[in-house]
Amino acid sequence: MMMNDNQSTERYAVVTGANKGIGFETVRQLAASGVTVLLTARNEKRGTEAVSLLHELGLSKVLYHQLDVLDSQSIQALANFIHTQFGKLDILVNNAGASGVIVDEDGLRALNIDPASWLSGKATNVVQDVIKTTYDTAIECLNTNYYGVKNVTQTLLPLLQHSTSGGRIVNVSSLRGELWRIPNEQIRKELGNLEGLTEEKIDGFVEKFLHDLRNNELEVNGWSKMLPAYSVSKVMLNAYTRVLAKKYPEMCINCVHPGYVDTDLNWHTGTMTLEEGAQGSVMLALLPAGGPSGCYFDRTQVAEF
Ligand SMILES: NC(=O)c1ccc[n+]([C@@H]2O[C@H](COP(=O)([O-])OP(=O)(O)OC[C@H]3O[C@@H](n4cnc5c(N)ncnc54)[C@H](OP(=O)(O)O)[C@@H]3O)[C@@H](O)[C@H]2O)c1
């Protein structure tokens, strides 16, 4: 489609999993800075209610569109909508996430774990009885946090390439995805070597992890014991971010740990506000031309993968 002048200077963004939590706040901050934002959610009621809240705050440039990152048809419908309505996309924030575990929330509260123990990994052994990873929850987590991001990104890439300001992709990751946390040295080495990294190789690591999970061999093969599927999903998301950034040097493609934020995802154990949690995503979404790409940020600061 042809764009008129207004459309070519206007910036358009998509935020996934934006009906609540960090995604919702990311939409709010982007819209407040003048970007037209598609607030996407898998559930229409939750999504439209979230949009209404933002309209009440005077943020009229927020629109709802359905998006389940596990559903290819839903992803394609979003791409079709952007193509016909805007003709391009400037910003994609891959924010939707799943924890990959089943939690006994009362049991967890009773343990009364302090934030420092969560972050340092000291709580790992203590939580094993109340936070469980099953094969099904692991699959859902990897499909959402890793394959879901890949599918959404692949489908929206042609629209991002039409951005006149150079597309921006922000992959919301986690400190659980930092390489030093993986006990297996060989895995750390291979994933840390950008020269040898390919999408196929990263997919292979995901399959190896699932194989080890099925065979009850996670620990013996040196995968993280803390939130194993979630950690692996974010490790692989970071690696994918680097491969993608190398392939599309004209864009700014980065991943970010939002901080330890008070949301449903961590059963409200987080200590930071949503406003603080969205700052990294928003900064990377609004990077000026020539900004960093292929980097990992701890909130707004560049950090080691
Ligand atoms: N909170 C933290 O401390 C923290 C730390 C590190 C990283 N993160 C990352 O930050 C991101 C946002 O998490 P949050 O803490 O804001 O959690 P949250 O409040 O639980 O939000 C997660 C969002 O993802 C959506 N979602 C899940 N599966 C989806 C799917 N298949 N399709 C579309 N949307 C889906 C959820 O939708 P429903 O409401 O429909 O379930 C919800 O909107 C995640 O990627 C998470 O891993 C958070």
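Between residue 76 and residue 124, the simple spin-label model (points 7 angstrom out along Cα→Cβ) gives 4.3 nm. Listed by chain and number, the lysines whose alpha-carbon sits under 29 Å from that of residue 247, ignoring those within fewer than 8 places in the same chain, are 88, 150, 189, 201, 208, 234. Cβ crowding within 10 Å, taken as a proxy for footprinting-reagent exposure, orders 281, 224 from fewest neighbours to most as 224, 281.
For a straight C-alpha distance cut-off of 17 angstrom, the aspartates and glutamates reachable from residue 122 (same-chain residues fewer than eight places away being disregarded) are 114, 178, 219. Looking at the chain from every direction and averaging, what is the projected area of its Cα convex hull in nm²? For the Cα atoms of the chain, the hull's average projected area reads 15.2 nm². Axis angle, to the nearest 10 degrees, between helix 72-85 and the longest C-alpha principal axis of the chain: 20 degrees. Extension gain for residue 104 to residue 185 (0.36 nm times residue separation, less C-alpha to C-alpha distance): 25.9 nm.
Cross-link reach is defined here as a Cα-Cα straight distance under 19 Å, omitting same-chain residues fewer than 8 places apart; for residue 20 the lysines meeting it are 45, 61. Using a ≥ b ≥ c from the Cα gyration tensor of the range 157-296 (square roots of the eigenvalues), is it rounded, prolate or oblate, where a/c under 1.5 gives rounded and otherwise the larger of a/b and b/c decides, a/b for prolate? Oblate, because a/c is 1.5 or more while a/b does not exceed b/c. Under the combined filter of DSSP loop state and at most 11 neighbouring Cβ atoms within 10 Å, the range 263-305 retains these GluC sites (Glu not before Pro): 304.
In terms of its C-alpha gyration tensor, the range 30-148 has a prolate overall shape, because the principal axis ratio a/c (a ≥ b ≥ c, square roots of the eigenvalues) is not below 1.5 and a/b outweighs b/c. Per-residue ellipticity at 222 nm from helix content only, as computed over the chain with -39500 (n - 2.57) for each DSSP H run of at least four residues, stands at -13500 deg cm²/dmol. Between 0 and 90 degrees, the angle of helix 149-160 with respect to the longest Cα principal axis of the chain falls at about 20 degrees. Note on 272, 251, 236: ascending count of other Cβ atoms within 10 Å places them as 272, 251, 236, the fewest first. When the Cα gyration tensor is reduced to axis lengths a ≥ b ≥ c, the ratio a/c is 1.5 or higher for the range 117-173, and with a/b not above b/c it is classed as oblate. Distance between the pseudo-spin-label points of residue 143 and residue 84 (7 Å out from Cα toward the beta carbon): 2.8 nm. Footprinting exposure proxy ranking of 243, 103, 235, fewest other C-beta atoms within 10 angstrom first, gives 103, 243, 235. The C-alpha atoms of the chain define a longest principal axis, and helix 274-285 lies at about 60 degrees to it. Judged by the mean number of other Cβ atoms found within 10 Å, the most tightly packed of the peptides 165-178, 146-159 leads the ranking 165-178, 146-159.
No value in this document is a laboratory result; all are computed from the given coordinates. Note that this is a predicted model, so its numbers are computed, not measured. Note: ideal-geometry Cβ built from the backbone for every residue, glycine included; neighbour counts use all protein chains shown.
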